[in-house]
Amino acid sequence: MRAFEYSSPRTTEDAIRLLSAEGAVALAGGTDLLSLMKDGAAAPSRLVNLKAIPDLTGAHETDGGLHIGATTRLGPLGEHRVIRESFPAVAQAIAGVRSRQVLSMRTVGGDLLQRPRCWYFRAGFGLVPMHDGQSMAKTGDNRYHAIFGNAGDAVFVNPSSLAPPLIALGASATVLGPDGERTVAVEDLYRTPASSDESEFTLGAAEIVTGVTIPMRSSSNATYEIRNRKGFDWPLAAASVAVSDGGARVVLGHAAPTPWMSAAAAGALAGGISEASAEAAGDAAVADAAALSGNGYKIQLARVAVKRAALAAM
Amino acid sequence: MAEYVWPAAGDRLHIGKHISRLDGPVKATGRAKYAYDVNRRGMLWAIMVQCPHAHARITSIDTSAAEAMDGVVRVHVIQDVGTEIQWAHDEIVAVAATSEEVARDGAAAVKIEYEVLSHFVNERAVDEAPDAQPAQAETTGDPAAAMASAPTKSSGAYHVAQIAHCSLESHGQVAEWQDEETVTLWASTQAISGVASQLGEQIGIPASNVHVETQYMGGGFGSKFSVDRWGVVCAQLAKDTGRPVKLMLDRDQEVSVAGARPSTHAEVSTAADADGNVVAWDSKSWGSGGPAGANSPPLPYVFSFDNQTHMHTSVPTNTGPARAWRAPRHPQACLVTMRALEDLAHAAGMDPLDFFLKNIEKTGERASTYVEELEKGAELMGWRDRWRPRGSGTGTVRSGLGLALHTWGGRGHRSNCEVLAYRDGLVEARIGSQDLGTGTRTIIALVLAETFGVAVEQVKVTMGRSVLPASGASGGSTTVGGVSGATRRAALNAVDAVFERIAPRLGTEMANLELRNGQLHFKDGSMAAMPWRQAAALIGVNPVSATGANPGPGQLNDSGVGGIQMADVSVDMETGVVSINRMVAVQDCGLILDMKLAESQVYGSLIMGVTYALTEERVFDPHTGQMLNAEMEFYKLAGIEDVGEMIVHMMTGPGYDERGVIGLGEPPVIAPGAAIANAATNATGVPINEMPMTPERVLAAINGGMA
Ligand SMILES: Cc1cc2nc3c(=O)[nH]c(=O)nc-3n(C[C@H](O)[C@H](O)[C@H](O)COP(=O)(O)OP(=O)(O)OC[C@H]3O[C@@H](n4cnc5c(N)ncnc54)[C@H](O)[C@@H]3O)c2cc1C
Ligand code: SF4
């Protein structure tokens, strides 16, 4: 592990200034970043701790909806009254994290911006690992890899637990950087890199996410995750569903290099949730899925996750 | 002269009771010091540079940059230019530095070049193996003829993946030289005495000058019998630098090079007559545990049939080498045999419980034990009321029952013990054994206390040092029989020696004395009983000392157990997720010294079994041959939420106790996978033939896509 500087600013302005230096990286709960550093997959020259900035933490209701600061910990967030009553999709995603230790450190921003769990990436081969001119994961062992958006060389999956429910609920993210603040839909935080030199996020240099806002729209919503182990384990497939007067949204996790929005599945649920429409949504969600050499079973799991998320929202 | 027997059922003070392990509190509070926790003044850290290729020849090594680094004290080349490397993560160079961080930086600065050679890591594709080594078939009777004429037949292919030991405390040690000729090694090992001899030999000093110390260790499961290359390197670095050196494996090294259980793949055909008697068995197996391939699993397992044939092919691969894994080859053989017999029972239209009972005589001398255990297990599982024919379930989540039988030897190893009785009443056992976390320390204390008729807290156990009376390695379920036999004999001899010393001082004969319930009794009633402490005061300043060994006079231990396990699982038919509802384990192991430790051993085995049944496997990258999941995120161990309810029943009493002590480390870990696979098959209605039973594999079976 390379030696690094550590700073813990009290304001977002200071944080942005500190992050503008070459090699500086934001630190939230550290549950992902520190393991990347220990594995040698990240080597920042400076860590800028965001957790001491009072403005970035806590959840409160605003005119625009429920605003959640980026460094709000997932444990307390799962207990929040509005989350429990109005956004079970978020509460269920949080409940899926079976580790108390992780829940008490992991933040909303860190969850959204955690790096993929791809075993080639974690072993230091890069996010779009290549071998003899071919995608290493595509031609290697890809049992946990993408079933959507995998036509190119990047076949890792987005691991965020919160992105699917937040996107399904139409949440936006506030992004702050040297050029000021902007607001983007949560789904627009993500992109599929063409090579290991590119980022899987759309954030610019020294930009941070300061928080997310979930509009207070009444909806039936739920998240369903499928994992091998009941205890601490990443899902093999996950889906969030939200159906309101304004329409339906279906988002799959662990399915593609980005959180994967399925318009076809949403269409199947537009007329409301029933046993039949849930089934149809599952089928529609995976109609254009494409298996790699070793992950065909994930198509079935994605189908079931969408169906069960819809039934749970019913 | 003492009579070397265990006390009769009515006379037991501690034996067979639920006694908590003595070192529980120091472990729970962190006061127990493991090899990893040993820190010596001026100590250096060593980190090893690993080969990234599964098969390669070293063409150059440049250590100059590392040597020039501040804080790097010594760079040691382990395998030099020209060496052919046979697996990824093999150790090439070790760097000792003033801190762990500097040692890592130093290791990263070492430049090694390789000529990369072609590798083979996927032994399942045996046809592609460059060096498959088929052995002669072993045949009894005429299986082909028996098969041809039998009315009921079954066949299937069964697969058990390679797994790792994944000990929570990784391999490693701290080495410190006292002088040119004497070294101390604080090692995480299952064999203090063996490691002392091995290191002495390899480093050129007498074995008696190597002091190995292991007070506590965090798991070995068969992977920690040897001093290993890193033990020798650590001692060498300490010698070369004149400073203590700590070298512990990282998690990725631990999982990729420090232990593997070989895979087993098998194609089996079986046949039964019209009554459900098995009449023929035919199996072909292959598997690998690294460059040495894999020995044949004992097939068929537990049962012997009049007409049977088995042929095995060993498949060398470029993967980290195999080491003994609890009950070597048995869990794999158990899965293959019990799944094949369950399939045959199904073909015969029989409840597997009836089918196994019908054929139980073919298990040989343990047949009546199996019958008792199957009946007990059936009662605890509610098997008779709850078993339904394969695939009768409906709905999305379906449950099913399965069972499996296992066997193991477990005779006590060679062990020596010295018992000292002091005039303050303390009684001490000195024994060169090690406690792997199984409770060996507690067993020794219990036997000593039992023999002196005192409380367990009144005795002391000094162990875990190679300078103590030599005792065997802790493996193969040999420890409990070995140390209990040696301790019992030494303690009985010590009681006699105490009597011999104090009888004249009490004006009586040795034969008139007896120790019971903390009191010295006079058999003729000539004097009132006196407390042990008061009697001990007569010992004088020189403690009484006596020794005992195993094997030795009298029959204190035996070999050979048979246990049964039953699983109740649920399978989600849409996701392939298998959940354990309940496991029942019924186990014999002769005379049980500490019921709580024995039950704990079985609980732990069930948890380990659930893990290898459902989640654990080594995954290798076809491109590099590196292990892709050499960490604990994707090398998945079951958690407490995964294991379900566990019911353990130990067979005790007449027929069991008089056999003496038999080991328990291996037996209960053999059958969980097979029982779970049979239960999953019963639940889903399709053969679930592969371990681990991941959603991926279970779904493939349900969808009929199984190879
Ligand atoms: C033992 C363990 C078990 C786990 N189990 C699960 C599990 O079951 N399921 C699951 O989905 N995940 C699991 N995780 C992963 C966990 O979800 C992530 O580690 C976590 O979400 C990261 O959040 P954090 O706040 O700790 O972020 P950090 O590690 O601090 O940061 C993660 C990344 O995001 C960046 N970042 C953080 N906040 C911001 C911000 N506001 N603006 C800009 N960039 C930012 C950091 O620079 C870093 O690159 C587990 C992790 C561990 C260690
Ligand atoms: S995760 Fe690893 S380091 Fe942490 S407690 Fe478990 S074994 Fe120890």
Set of aspartates and glutamates with alpha-carbon distance to A:LYS138 below 13 Å, sequence-local pairs under 8 removed: A:ASP153, B:ASP621
Taking each pair of different alpha-carbon atoms in region B:118-228 once, compute 1/r for the pair, average those values, and report the inverse of that mean as the Kirkwood hydrodynamic radius in Å to one decimal. 18.9
Nearby aspartates and glutamates by direct alpha-carbon distance to B:LYS460 (threshold 14 angstrom, same-chain neighbours under 8 apart not counted): B:ASP23, B:GLU418, B:ASP424, B:GLU428, B:GLU450
DSSP beta bridges in chain B, what fraction antiparallel, as a percent rounded to 5? 75
Selected from B:GLY673, B:GLY655, B:PRO687, residue furthest toward positive end of dipole (region B:549-706; charges at beta carbon): B:GLY655
For B:ARG243, the net charge from surrounding residues (Cβ-Cβ under 13 Å; K, R +1; D, E -1) works out to +3
Could you state how much accessible area is buried at the B-A interface, both sides summed, with a 1.4 Å probe, in Å² to the nearest 100? 2800
Find the centroid of the Cα atoms in region A:21-63 and in region B:564-606, then give the distance between the two in whole Å. 43
Sticking with the crude label model, points 7 Å out along Cα→Cβ, report the distance from B:TYR114 to B:ARG57 in nm, one decimal please. 1.5
Note, region A:53-64: 3J(HN,Hα) by Karplus (6.51, -1.76, 1.60, θ = phi - 60°), whole Hz, Gly/Pro = x, goes 8, x, 5, 8, 10, x, 10, 8, 7, 10, 4, x
Rh (Kirkwood; distinct C-alpha pairs) - region B:137-185, Å: 17.7
Can you give me the long-range amide H partners of A:ARG227? Hydrogens built in the peptide plane at 1.01 Å from N, cutoff under 5 Å, separation of 5 or more residues or another chain. A:LEU236
Taking the protein assembly as shown, how much of its Cα-Cα pair set, in percent, is spaced more than 50 angstrom apart? 31
So what is the diffusion coefficient of region A:1-149 in µm² per second by Stokes-Einstein at 25 °C and 0.890 mPa s, using a Kirkwood Rh over Cα pairs? 141
Hey, any idea what % of the protein assembly as shown's accessible area is carbon plus sulfur with a 1.4 Å probe? 49
Counting only DSSP beta bridges with both partners in region B:580-653, the antiparallel fraction in percent, to the nearest 5, comes to 10
Looking at A:GLY126, A:VAL184, A:GLY267, which one has the Cα that reaches farthest to the positive end of the dipole of region A:56-313 (charges on Cβ: Lys, Arg +1; Asp, Glu -1)? A:GLY126
Need the per-residue list for region A:134-151: every residue with at least 40 Å² less accessible surface in the complex of protein chains than in the chain by itself, probe 1.4 Å, sorted by number. A:ARG143, A:TYR144
If I model a spin label as a point 7 Å beyond the Cα along the Cα-Cβ vector, how far apart are those points for B:ASP37 and A:GLU85 in nm? 5.0
Simple Cβ-charge dipole of region A:56-313, Lys/Arg +1 and Asp/Glu -1, about Cα centre, in debye nearest 20: 940
Distance in Å, no decimals, from the C-alpha centre of region B:268-335 to the one of region B:450-490 is 36
Kirkwood Rh and Cα-based Rg: tell me the resulting Rg over Rh for region B:451-495, rounded to two decimals. 0.98
Probe 1.4 Å, heavy atoms of protein chains only: per residue, the accessible area of region B:527-681 in Å² is 26
per DSSP, antiparallel bridges as share of beta bridges in the protein assembly as shown, % nearest 5, sits at 80
As a check on your grasp of the helix formula, calculate [θ] at 222 nm for chain B: sum -39500 (n - 2.57) over DSSP H runs of n ≥ 4, divide by the residue count, round to the nearest 500. -8000 deg cm²/dmol
Out of B:VAL5, B:ALA470, B:ALA187 - ranked by how far each Cα lies towards the positive end of the dipole of the protein assembly as shown, with unit charges on the beta-carbon of charged residues - the top one is B:VAL5
With the calculation restricted to Cα positions, what are the radius of gyration and Dmax of chain B in angstrom? 27.6, 87
Using only helices, what value at 222 nm comes out for chain A when you add -39,500 (n - 2.57) per DSSP H run of length 4 or more and divide by the total residues, to the nearest 500 deg cm²/dmol? -7500 deg cm²/dmol
Given that compact globular proteins tend to follow 2.2 N^0.38 Å, what is the ratio of the alpha-carbon Rg of region B:565-619 to that value? 1.42
Relative contact order, percent, chain A [alpha-carbon distance under 8 Å, six or more residues apart]: 17
Kyte-Doolittle cut-off -1.0, length cut-off 18 Å along the helix's own axis using Cα: show which whole DSSP H helices in chain A pass. A:297-313
Suppose every Lys and Arg Cβ carries +1 and every Asp and Glu Cβ carries -1, with no other charges. What dipole size does the protein assembly as shown come out with about its Cα centre, to the nearest 20 debye? 1840
Environment charge of B:GLN202, counting only residues whose C-beta is closer than 11 Å and scoring Lys/Arg +1, Asp/Glu -1: -1
Can you give me the span-like helices of chain B, meaning DSSP H runs with 24 Å or more of Cα extent along the axis and Kyte-Doolittle mean at or above 1.6? none
Once you list every other residue whose beta carbon is under 12 Å from the beta carbon of B:ASN122, what net charge do they have if Lys and Arg are +1 and Asp and Glu are -1? -3
As a quick test, which of the pairs B:LYS27/B:LYS224; A:LYS230/A:LYS307; B:LYS153/B:LYS362; B:LYS17/B:LYS523 have an alpha carbon distance above 23 angstrom in this structure? B:LYS17/B:LYS523
Which values of log₁₀ I(q)/I(0), to two decimal places, follow from the Debye formula for region A:56-313 at q = 0.12, 0.14, 0.16 Å⁻¹ with a uniform point scatterer at every Cα? -0.67, -0.92, -1.20
When only C-alpha pairs under 8 Å and at least 6 residues apart count, what is the relative contact order of chain B, in percent? 17
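The values are calculated or read from the model by the stated rules, or taken from the named source; none is laboratory data. These numbers were taken from a predicted model, which means no experiment stands behind them. Here Cβ is always computed from backbone atoms with ideal geometry, including for glycine, and neighbour counts include all displayed protein chains. Heavy atoms of the whole protein, side chains included, go into the accessibility calculation; ligands, DNA and RNA do not. Shrake-Rupley method; radii C 1.70, N 1.55, O 1.52, S 1.80 Å.
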